[in-house]
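Values in this text are rule-based calculations from the coordinates and carry no lab data. Since the model is a prediction, treat every value here as computed from it, not as a measurement. Virtual Cβ from ideal backbone geometry, glycine too; neighbours counted across all protein chains shown.
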């Protein structure tokens with residue numbers, strides 16, 4: 001995509017991470033997507049504060065903002081956008097959309113990030129173990145990866161979410177999404193570990209008396225960090241989309257807790273009469289997924305140029 | 001080749017049994033007692049026992065699982081005493097909801113899901129591959145940029161958003177297409193296609209975007225290979241180099257992806273089917289979830305797993321055909 005020549009302002013002899021950072025800083029797509037990501041992350045982190053600023057809590061009903069004679073349609077143009085309700089209100093209930101979108105960002109991103117963390121930690125550990133120890137460990141772990149990848153994951157996730165009734169939905173959803181995600185990253189890490197484990201510096205460490213734990217954490221792990229970071233950023237959008245899909249199908253978080261997917265599902269019935277209600281959470285979802293994809297693309301180009309993904 | 005195939009087939013059966021065991025454990029052990037659900041509110045203890053015996057729930061779990069598994073291949077007799085029911089060869093049990101055979105239910109719905117998946121697959125392969133290959137051959141030009149920005153954008157759109165936009169744009173505003181109502185291919189191929197066009201598009205946009213991205217990077221990588229240089233140096237026309245040498249070798253990663261995606265979709269695109277109201281397996285599954293109809297849930301999951309595993313096997317076998325470098 002971009003030319004490989006390093007920009008002039010990077011001093012000679014700077015490390016790979018500095019080079020990567022300089023390369024990242026040159027790209028416009030990275031700046032834009034970082035801005036969007038930061039915006040939504042801040043929004044999610046400061047959700048209670050922000051909805052306090054907007055003056056409405058996500059569960060407040062505002063009967064004055066909807067017209068009972070028009071089937072509970074929001075009063076005013078664009079779904080009731082006004083100084084009082086910054087992004088308009090929900091039809092029928094009159095709940096503030098800004099507060100709900102912000103609260104929904106918190107739920108959606110919390111689940112997506114935690115599931116990603118589980119996937120990355122489990123996948124990296126399994127991949128390194130399979131690649132480094134080889135033999136029986138590798139055989140067992142690789143079969144387990146194949147097995148997990150053969151599961152019809154969406155159907156399975158939906159089924160598991162609907163079977164478990166009285167559990168914390170957010171915790172369950174994180175676990176279920178995380179459960180099916182780890183083989184992808186484990187394969188990448190396994191391949192990378194295989195190519196690293198017989199490099200001279202690893203052999204040197206072994207000869208020098210380092211135990212497997214030390215070699216894995218000090219020599220192998222930094223070597224696989226680049227692809228892992230790139231891959232992590234690339235699976236986040238998938239996690240966000242999966243959370244949204246599960247909530248959309250009604251097996252995700254339960255009302256009144258809002259999440260973007262669930263808001264979209266509720267708004268589908270009004271797509272004709274109150275399009276803004278449908279458009280606002282959809283745009284949030286779209287922008288977040290897009291920003292993470294762009295960021296992941298850039299990180300992969302820089303940190304994993306040969307593409308260990310197959 | 002024969003050895004490879006038999007080894008893979010054993011693997012396939014192993015995976016399917018493992019999936020069946022996991023599914024069985026999750027759906028028969030975790031949820032509330034199906035017998036209690038079938039018995040209703042005012043249920044005496046004896047009646048509950050009778051129902052449990054009738055459903056085979058009084059047996060130990062491994063026995064239930066074994067009965068289920070062997071029933072798939074040999075058929076089985078369900079129930080006890082005077083109320084027995086023979087369930088023939090591919091026996092997946094009977095729906096708790098309407099007492100229909102799960103196999104019949106699945107086969108009844110399969111044509112809808114298969115029509116949806118296959119039609120969409122043709123569309124997304126055409127769109128995605130042509131966009132990806134065009135972008136790869138014109139790397140770093142305006143065409144490449146535009147195509148890839150479009151692909152990133154389209155890949156970020158959730159399928160329900162695309163579907164609603166298509167419904168709004170093409171049905172409500174333009175009035176170009178009918179609201180999808182499934183018509184069997186055998187009845188009227190033209191209506192079949194025109195009714196499915198919208199769901200096809202909705203699914204294809206998402207997948208085409210992913211395929212365009214994947215095939216672009218794969219083609220760029222392949223076109224840099226030495227054998228492409230050789231082909232060029234031989235003086236082959238550019239078209240032959242791209243199609244016969246580049247595309248053929250560059251398609252292996254796409255083929256893997258395609259096997260997974262098509263396999264997954266054949267057993268029901270849950271979201272797309274529920275948005276467009278298509279009576280496919282995805283809808284059946286969604287309905288079975290809300291009523292806790294475990295035999296149907298188990299049946300759909302197993303069918304989906306079978307499709308994925310078989311598609312993967314087919315893809316691995318196709319490798320040898322597509323990529324001359326692959327040998328078994």
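Some observations on this one:
- Fewest-first ranking of B:176, A:24, using other Cβ atoms within 10 Å as the exposure measure: B:176, A:24
- Shielding by partners - mean other protein chain Cβ count within 10 Å, residues of B:160-167: 5
- For the protein assembly as shown, the Rg and Dmax computed from alpha carbons only, in angstrom: 26.7, 88
- For chain B, a Gaussian network of Cα nodes joined below 10 Å ranks B:155, B:204, B:45 by mean-square fluctuation, and the top entry is B:45.
- Residues B:291, A:116, A:28, arranged from fewest to most other Cβ atoms within 10 angstrom of their Cβ, appear as A:28, B:291, A:116.
- Cα-based helix-to-principal-axis angle, B:281-291 vs chain B, degrees rounded to 10: 40
- The calculated 222 nm mean residue ellipticity attributable to helices in chain A amounts to -22500 deg cm²/dmol, summing -39500 (n - 2.57) over DSSP H runs of n ≥ 4 and dividing by all residues.
- Evaluating kT/(6 pi eta Rh) at 37 °C and 0.692 mPa s, with the Kirkwood radius of chain A over Cα pairs in the Stokes-Einstein relation, gives 151 µm² s⁻¹.
- Each 10 Å bin from zero up to the one holding the largest Cα-Cα distance in region A:110-150 carries the following percent of pairs: 29, 45, 22, 4.
- Cα-based shape type of region B:155-194, given that a ≥ b ≥ c are square roots of the gyration tensor eigenvalues and the cut on a/c is 1.5: oblate
- Under the shape rule built on the C-alpha gyration tensor, where the axes satisfy a ≥ b ≥ c, region B:103-322 is prolate, since a/c reaches at least 1.5 and a/b is greater than b/c.
- Cα gyration tensor shape of region A:114-210, rounded if a/c is under 1.5, else prolate or oblate by comparing a/b with b/c: prolate
- Sorting B:141, A:288, A:174, A:273 by the number of Cβ atoms found within 10 Å of their own Cβ, with the fewest placed first, yields B:141, A:273, A:174, A:288.
- To the nearest ten degrees, helix B:2-29 and the longest principal axis of the Cα atoms of chain B are 50 degrees apart.
- The angle between the Cα long axis of helix B:61-74 and the main principal axis of chain B comes to about 70°, on a 0 to 90 degree scale.
- Choice from A:208, A:76, A:46 with maximal GNM fluctuation in chain A (Cα, 10 Å cutoff): A:208
- Note on region A:186-278: Rg/Rh from C-alpha atoms, Kirkwood Rh, equals 1.36.
- Largest mean-square fluctuation among A:149, A:43, A:276, in a Gaussian network model of chain A whose springs join Cα atoms under 10 Å apart, belongs to A:149.
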